[in-house]
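Reading through the structure tokens given below for one structure.
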Amino acid sequence: MLTIIQLITLVVFIATYILIIDERIHRAVAAMAGAAVVVFLGIVPWDSVLTHIDFGTIFLLMGMMIIINIARQSGLFESIAIRTAKMANGSPIMVLILFSVVTAVVSAFLDNVTTVLLLTPMLLYITKLMNLNPVPFLMAEILSSNIGGAATLIGDPPNIMIASSAGLTFNEFITIMGPIALVDMVIIIIFFLVIYGRSMKVTKEEQKVIAKTINSLDEKGAITDPKLFKKSVVVILLVVALFFIHSSIGVYLNVIFPFVDPALTLEPAEVALIGAAILLIWSRVQPEEIFEKIEWTALFFFAGLFVIVGALVNTGIIEMISLYMIDMVSTPFEAMFIITWFSAIASAIVDNIPLTAALIPLIHDMSATMDVYPLWWALSLGACMGGNGTAIAASANVVVLGVAAREGISISFMEFLKVGMVVLVITVAVGFVMLCAMFGML
Amino acid sequence: MRYYEDLIKRKFKGLVGSKYEMLQKEYREYMLTEEEMRPREIKKILIPLDFSVTSVPDSIGALLSVYETAAVTLIFITDEQVHDIIKASLSPEAGEEFIRTKEEYGTHLLDDYEKSLTAQNISCKRRMIVGNKRQDILKIAPDFDLIAIPKCYASNNPNVCTVSGDAIILAQSLGQPTIVF
């Protein structure tokens, strides 16, 4: 039997999530309003608000936003898009494969939304040149963005949240989620070639004309600031390198600076902020220009969500659900199965960020009675791959569909669902089997 | 379906905000409509001429021969305002003489242009009018696909002209593709 406070908290939680899905009110405003209600009612005491907000996630996002905003100014993304287009040599199938791979790789290390926002116009332009239906190419781009984002700690916001809360390292993501993302990418590319390959055939003459037009694009001309371009690439590579060694950076630094404690570690957020600071100093761009382009609405959205979920924790609702779950499952395999598929299907409906925010404290609670290490990966798999299920399941989906709609190309909900759900089931199933194999559950 | 379309618009606006307008500027050469993607067909070319144009450049024939099926209209314009001033300040006969002199020059110029263009297998029509060198071209230009303007067109000093003011203004004002040669 729920208490009044628990009921109110649930109502606020559900209402906020409905508002987030519907987006008649901006998602950040909805999250802040929900947070305001639970703080006002004392469900989350003011002095505990900051403990509920995961600043690791927020500062990591902020740091990467600063780096990407500066890198964008140099024409980096446009240059990548043109180079990718040229490599395809006029072949539609190669355009599909290359854009999918490039989207996946870039999404793995940089923000999904910015990646697809800046690659989609070029992809649309090329499909117009090829006189082919752009829908398969756009779908492949969306799916690749979500799959690629699953591969690393920084690739997708759910992974950032999970890593920050569970203390998982960048290398753990690379070794566990990386192979899953790789296998899923191969499967998806084959899937698209089988389904759409025939409709992507062009004659040799047409291919030559397409290649000629694309080759007239100038990837060097797209670089508006060559010095900034080089600095951005250097800092991005440095940040990625630091991510690889963040959990054991003390060992490396101790070699050069013996006064450094070998046990020193860097949080991912620290890596991102250090990278941002280096690029800000080195590039000499006006900081106001960069800081005003930080997606403050996204950061307030996250903060609001954390407070609302904090209310669920404080009122014991999370504990109730976790006890129920623990009763329901008798083996770690069952727990993994439930978390994986529940988070995948729920992500397809709700949007993976609020879902992950809600499930993280649930898994933490379950850790009292079982080893939850595999469950973090189950959540990562479900939340990231679940983003492929429906048109509204992940931010990258909405961005690609929105850009396409503005250019007159419409992908209906059902059209997306038919492909998205098949991909969701395949990628999650394959990923689940791989996770079970990794954790010796097969 | 309507709800879904509106939902995507709302979510897109929430995620991307005003970045999309910036993106459209940065990527304008890639965000073309179907019409803009199709290369414009050039069937009719207009070349305005006047007393300031002194010769036929060798390059014009080669340049316009790229448009294999296009027909060129040469139009020689005598300034109506100058004619009216001469007619009013001197005499109607002086005005007529002004026009006759200009049109005699115009006939030779049109002959030279026609000869140069037909040598490149470009079909030509020719006209002579008395009118305004800028306004009349702006008026008739919408009937043509390409306007090729001699650089000294309507120049006050053709011997030292690089590009005349009227040529620049026409190139800026015309909606059609324009070349100044």
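FYI, it's all coordinate maths here, none of it is from the lab. Just so it is clear, the structure is predicted and the values come from calculations on it, not from any experiment. All Cβ positions, glycine included, derive from the backbone under ideal geometry; neighbour counts span all protein chains shown.
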**Item:** Of A:LYS227/B:LYS19; A:LYS128/B:LYS9; A:LYS204/B:LYS43; A:LYS293/B:LYS13; A:LYS128/B:LYS19, those spanning more than 18 Å from alpha-carbon to alpha-carbon
**Value:** A:LYS227/B:LYS19; A:LYS128/B:LYS9; A:LYS204/B:LYS43; A:LYS128/B:LYS19
**Request:** Calculate, axis by axis, the spread of Cα positions in the range A:262-416 along the three principal axes, and write the results as whole Å, longest axis first.
**Result:** 56, 53, 30
**Fill in**
Using alpha carbon centers only, the range A:102-121 is separated from the range A:271-301 by a whole-angstrom value of 18 Å
**Message:** Regarding chain A, what's the average projected area of the Cα-atom convex hull, expressed in nm²?
**Reply:** 23.0 nm²
**Prompt:** What ranking do A:THR331, B:THR118 get, fewest neighbouring Cβ atoms within 10 angstrom at the top?
**Reply:** A:THR331, B:THR118
**Prompt:** If one puts a single equal scatterer on every Cα of the range A:186-331 and applies the Debye formula without solvent, what log₁₀ I(q)/I(0) results at q = 0.08, 0.09, 0.17, 0.20 Å⁻¹?
**Reply:** -0.58, -0.71, -1.08, -1.17
**Fill in**
The alpha-carbon center of the range A:138-176 and that of the range A:32-58 are separated, in whole Å, by 26 Å
**Asked** If you bin every alpha carbon distance in the range A:152-246 into 5 Å steps from zero, what whole percent lands in each bin?
**Response** 2, 10, 11, 11, 11, 14, 16, 14, 7, 3, 1, 0
**Request:** Just name one of A:LEU305, A:THR169, A:SER145: the one whose Cα is farthest towards the positive end of the charge dipole of chain A (beta-carbon charges, Lys/Arg +1, Asp/Glu -1).
**Result:** A:SER145
**Request:** Kindly state, to the nearest 0.05, the FRET efficiency for B:ASP111 paired with A:ILE93, given R0 = 45 Å and r defined as their beta-carbon distance.
**Result:** 0.20
**Request:** Please list the radius of gyration and Dmax for chain B, considering alpha-carbon atoms only, with Å as the unit.
**Result:** 22.9, 77
**Contact order relative to length of chain A, as percent, for alpha carbon pairs under 8 angstrom and 6 or more apart** = 24 percent
**Order by protection proxy (mean Cβ within 10 Å, highest first), peptides A:254-261, B:166-173** = B:166-173, A:254-261
**Request:** Would you kindly calculate the translational diffusion coefficient of the range A:22-109, applying Stokes-Einstein with the Kirkwood radius from alpha carbon pairs, for 20 °C and a viscosity of 1.002 mPa s, and quote it in µm² s⁻¹ without decimals?
**Result:** 126 µm²/s
**Request:** Enumerate the lysines that A:LYS231 could reach by cross-link, defined here as Cα to Cα under 18 Å, with residues fewer than 8 away along the same chain left out.
**Result:** A:LYS220
**Request:** Please work out how much length the chain gains when fully extended from A:TRP296 to A:GLU415, using 0.36 nm per residue of separation minus the C-alpha to C-alpha distance, in nm with one decimal.
**Result:** 39.5 nm
**Asked** By a straight-distance test (C-alpha under 19 Å), which aspartates and glutamates pair with A:LYS86 as possible cross-link partners, with residues fewer than eight away in the same chain excluded?
**Response** A:GLU78, A:GLU141, A:GLU205, A:GLU206, A:ASP218, A:GLU219, B:GLU29
**Request:** Show which lysines lie in cross-link reach of B:LYS87 when reach means a straight Cα distance below 19 angstrom and same-chain residues fewer than eight apart are skipped.
**Result:** B:LYS102, B:LYS133
**Asked** Roughly how crowded by other chains is peptide A:398-407, in terms of the mean Cβ count from those chains within 10 Å of each of its Cβ atoms?
**Response** 6
**Message:** Projecting each Cα onto the charge dipole of the range B:22-181 (Lys/Arg +1, Asp/Glu -1 at the beta carbon, about the Cα centre), which of B:THR101, B:SER52, B:GLY165 comes out farthest on the positive side?
**Reply:** B:GLY165
**Asked** Nearest 0.05, what FRET efficiency do A:GLU289 and B:LYS139 give at R0 = 35 Å with Cβ-Cβ as r?
**Response** 0.15
**Asked** So for B:ASP111, A:ASP327, fewest C-beta neighbours within 10 Å to most, what's the order?
**Response** A:ASP327, B:ASP111
**Item:** FRET efficiency for A:THR175 and A:SER216, using Cβ-Cβ distance with R0 set to 25 Å, rounded to 0.05
**Value:** 0.05
**Asked** Hey, got the average number of other protein chain Cβ atoms within 10 angstrom for residues in B:13-22?
**Response** 6
